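Here the structure is laid out as structure tokens; the discussion comes afterwards.
The values are calculated or read from the model by the stated rules, or taken from the named source; none is laboratory data. Fair warning: this is a prediction, and the values are worked out from it, not measured in the lab. FYI the Cβ positions are ideal-geometry reconstructions off the backbone, even for glycines, and counts take in every protein chain you see.
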């Protein structure tokens, strides 16, 4: 992740004036070609705000997270290092873990979501959907992982997919799990 003194571009930073009901995101441009998505800050923030407004997700309100814009190569390295999988994927989520020792006041930080530009762009093209909408879906998906949701068991997957679909509908993104329309 980005550290002090690195060459990352910070697209936004925490602002003290944010209302407590918001999910505050820091978006970090770390790697990858994101030019095919148009401006990315606004759709990412829109997706996070929709998630924080959802009636079943009050745990997101007043919390913070980072969204890292990466490349397939970055995500592949992280996936290999932390999950033992030598392959890229569209999104990885890293929930915050307190360091050992005395309790710290980090209760508001959820963790980091890392996105892979090339994979997201290719998936959107393969599915015939707007890259921006696929990006928003994966931001919501990654943030739900930070909140403890997963899709390992069928019931958990159905719950998570239902939340994603409901959240995305509020910002005009079609159900990402619906079968493609026949042409």
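Taking (1) modelled with pLDDT under 90; (2) crowded, with 17+ Cβ neighbours inside 10 Å; (3) touching a strand residue (DSSP E or B) at 6+ places or on another chain (Cβ under 9 Å) in turn, residue 22 satisfies each apart from (3).
The condition (being assigned to a helix (DSSP H, G or I), closer than 21 Å to residue 167 by Cα and in contact with a strand residue (DSSP E or B) (Cβ under 9 Å, 6 or more places away or on another chain)) is satisfied by just one residue among 65, 48, 73: 48. Go through (1) more than 18 Å from residue 23 (Cβ to Cβ); (2) touching a residue at least 40 places away in the same chain (Cβ under 8 Å); (3) surrounded by fewer than 17 Cβ atoms within 10 Å (Cβ to Cβ) one by one and return the number of the condition residue 97 breaks. Status for residue 97: all satisfied but (2). On the stretch given as the stretch 155-165, residues that are surrounded by 14 or more Cβ atoms within 10 Å (Cβ to Cβ) and without any contact (Cβ under 8 Å) to a residue 60 or more places away in the chain total 6. When 148, 162, 142 are checked against the criterion of being within 16 Å of the chain's Cα centre (by Cα) and not in a loop (DSSP other than H, G, I, E, B), a single residue qualifies: 142. Only one entry in 110, 168 is in a strand (DSSP E or B) and either modelled with pLDDT under 95 or surrounded by 21 or more Cβ atoms within 10 Å (Cβ to Cβ) (or both), namely 110. Scanning the stretch 127-139 for residues that are surrounded by 16 or more Cβ atoms within 10 Å (Cβ to Cβ) and either at pLDDT 95 or above or assigned to a helix (DSSP H, G or I) (or both) gives 131, 132, 133, 134, 135, 136, 137, 138, 139.
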